[in-house]
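In what follows, a single structure is set out as structure tokens and then discussed.
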Amino acid sequence: MRADFFAAELQSVKDAGLYRQLHLVGGDQGPTLMLDGREVINFSSNNYLGIANHPALAAAAKAAIDRYGCGSGASRLISGNMTLHEELETKIAQFKNTEAALVFNSGFQANVGILSTLAGDGDVILSDSLNHASIIDGCRLSKAKTLVYTHCDLNELEACLKQAASARRRLIVTETIFSMDGDEAPLVGIVELAEKYDAMVMVDEAHGTGVFGANGAGVVAKLGLAPRVLIQMGTLGKALGGFGAYVAGDRALCDLLINRCRSFIFTTSLPPAVMAMALAAIDLVQNEPHRRDALRQNCQKLKEGLSLLGFELGRSNSPILPLIVGDAARCMALSAVLLGRGVFAQGIRPPTVPAGTSRLRITVMATHSAVQIDRALNVFEEVKRQWPPITTS
Ligand SMILES: Cc1ncc(COP(=O)(O)O)c(C=O)c1O
């Protein structure tokens, strides 16, 4: 078969206005970024607390390399289960107030693996309509029937639970803070419905961990729901500034995953430096709440400023501020205009978000200065004067 196929497929992506290209970052992940050779203010990072380049993480990683070397050499079940993996799991379990925890190589692998291990033929997964692609793929891989309920709609979730009454098992899965909208799931209501209809609850705290809860443990902790949420998944690569993911829950849950979860079993384990960074990051997150305070203040400042300019930001109560544009091409044009003026706010298009809801995904960091936020607001004000119309040519 000739490679013409690649070009033809790419052309159809371009024709749909959905062609994606990589930016090149030439420095560290701070509130400013060297992007494609130019310094811009960074409103497109999940490094919410600004610790991805913290000296404590770097020192921990270097010390781990000195002591344990660079690679882990094998999967966890072969010779790749190092002391640091278990140390981190103990720490995550304490952090999340659960009996145990298990580290995964990425959030994507965790969601795909957990869902396909815990649900199968004869089961029903109840999934929020705006759940992340990795959750969607986990549902697909599981072979369970998946009922998708309208975003955060408890009435519809209840109707789906009734519909699933005769299933072998029911599993509700939701993000706690939605990655592209920044709003919070109605978790208390979800847990109550789960208890009423005998369903398991799995949460994805990718964007909740580090940001919410008294010690940064996430939305489940903020609401005191840890004992009632069976499966708490989260990532180490966003507010925690490193890489990887975890699930926290009962020992039996983790042991079952060790035995059955293909994305845990059949992959080389994370290297020691990554474990050490995560251990250092959890210490910072737990012991230095001033970062969360700064993040909240920055969120409020940017949100208020954008609202005063007349921008609608939906129901976000997190560092993720979605500025809905609608049309994909228009959204990318707006993002490009902002970037041209030194403000990086990534445009997000289908399939990441539903058609017609393309948006700028503006993310705030604890380490943005007031000057940087004011500068961004000035740019948004300038751009708003000529928007609409924005030309896409
Ligand atoms: C809600 C959510 N879950 C899972 C993931 C995947 O995590 P990771 O980047 O560690 O693969 C992401 C981000 O990419 C996410 O936003």
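The values are calculated or read from the model by the stated rules, or taken from the named source; none is laboratory data. Everything numeric in this text was worked out from a predicted model, so none of it was measured. Glycine also receives a Cβ, built like all others from the backbone with ideal geometry; neighbour counts cover every protein chain displayed. When the accessible area is computed, the model is the full protein with side chains, heavy atoms only, and any ligands, DNA or RNA have been set aside. Shrake-Rupley method; radii C 1.70, N 1.55, O 1.52, S 1.80 Å.
Among the residues that make up segment 126-146, is at least one of them open to solvent by less than 20 Å² (accessible area, probe 1.4 Å), more than 12 Å from the ligand (Cβ to nearest atom), under 20 Å from the mean Cα position of the chain (by Cα) and farther than 20 Å from THR235 by Cβ? So that I can check it myself, show each step before the final result.
Just the residues of segment 126-146 that are open to solvent by less than 20 Å² (accessible area, probe 1.4 Å), to begin with: 126-128, 131, 134-135, 138-139, 142, 144.
Filter once more, keeping what is more than 12 Å from the ligand (Cβ to nearest atom): 126-127, 139, 142, 144.
From what's left, under 20 Å from the mean Cα position of the chain (by Cα): 126-127, 139.
From what's left, farther than 20 Å from THR235 by Cβ: 126.
Yes, that holds for at least one residue.
Residue by residue through segment 148-162, note down the ones that are open to solvent by 50 Å² or more (accessible area, probe 1.4 Å), more than 11 Å from ALA185 (Cβ to Cβ) and assigned to a helix (DSSP H, G or I).
Listed by number, the residues that qualify are ASN155, GLU156, ALA159, LYS162.
Please report, ordered by residue number, the strands (runs of 3 or more DSSP E) entirely within segment 1-113 with at least 2 residues that are over 24 Å from the mean Cα position of the chain (by Cα).
Numbers: elements: 32-35, 38-42, 100-104.
Hits in segment 1-113: 38-42.
List the residue pairs whose Cβ atoms are under 9 Å apart, where the first residue sits in segment 231-251 and is within 10 Å of the ligand (Cβ to nearest atom) and assigned to a strand (DSSP E or B), the second is open to solvent by 30 Å² or more (accessible area, probe 1.4 Å) and at pLDDT 95 or above, and the two are 6 or more positions apart or on different chains.
Going by the 9 Å Cβ cut-off, the qualifying pairs are THR235/ASN46; THR235/PHE243; ALA245/PHE108; ALA245/GLN109; ALA245/GLY237.
Somewhere in segment 294-305, is a residue surrounded by fewer than 19 Cβ atoms within 10 Å (Cβ to Cβ), assigned to a helix (DSSP H, G or I), of a type in the set (Gly, Ala, Ser) and within 22 Å of the chain's Cα centre (by Cα)?
Looking through segment 294-305, at least one residue is surrounded by fewer than 19 Cβ atoms within 10 Å (Cβ to Cβ), assigned to a helix (DSSP H, G or I), of a type in the set (Gly, Ala, Ser) and within 22 Å of the chain's Cα centre (by Cα).
So that you can scan it fast, the table gives a plain yes or no per residue for (1) under 22 Å from the mean Cα position of the chain (by Cα); (2) modelled with pLDDT under 95:
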{"residue": "ASN317", "(1), (2)": "yes, yes"}
{"residue": "VAL325", "(1), (2)": "yes, yes"}
{"residue": "LEU334", "(1), (2)": "no, yes"}
{"residue": "LEU338", "(1), (2)": "no, no"}
{"residue": "ARG341", "(1), (2)": "no, no"}
{"residue": "PHE344", "(1), (2)": "yes, no"}
{"residue": "THR357", "(1), (2)": "yes, yes"}
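Mind counting the residues in segment 114-125 that are assigned to a strand (DSSP E or B) and within 16 Å of the ligand (Cβ to nearest atom)?
Residues flagged as assigned to a strand (DSSP E or B) and within 16 Å of the ligand (Cβ to nearest atom) within segment 114-125 amount to 1.
Within segment 204-218, is there a residue that is charged (D, E, K, R), surrounded by fewer than 24 Cβ atoms within 10 Å (Cβ to Cβ) and modelled with pLDDT of 95 or more?
Just the residues of segment 204-218 that are charged (D, E, K, R), to begin with: 204-205.
Adding the requirement that they be surrounded by fewer than 24 Cβ atoms within 10 Å (Cβ to Cβ) leaves none.
Within segment 204-218 (the criterion being charged (D, E, K, R), surrounded by fewer than 24 Cβ atoms within 10 Å (Cβ to Cβ) and modelled with pLDDT of 95 or more), the answer is no, since none of the residues qualifies.
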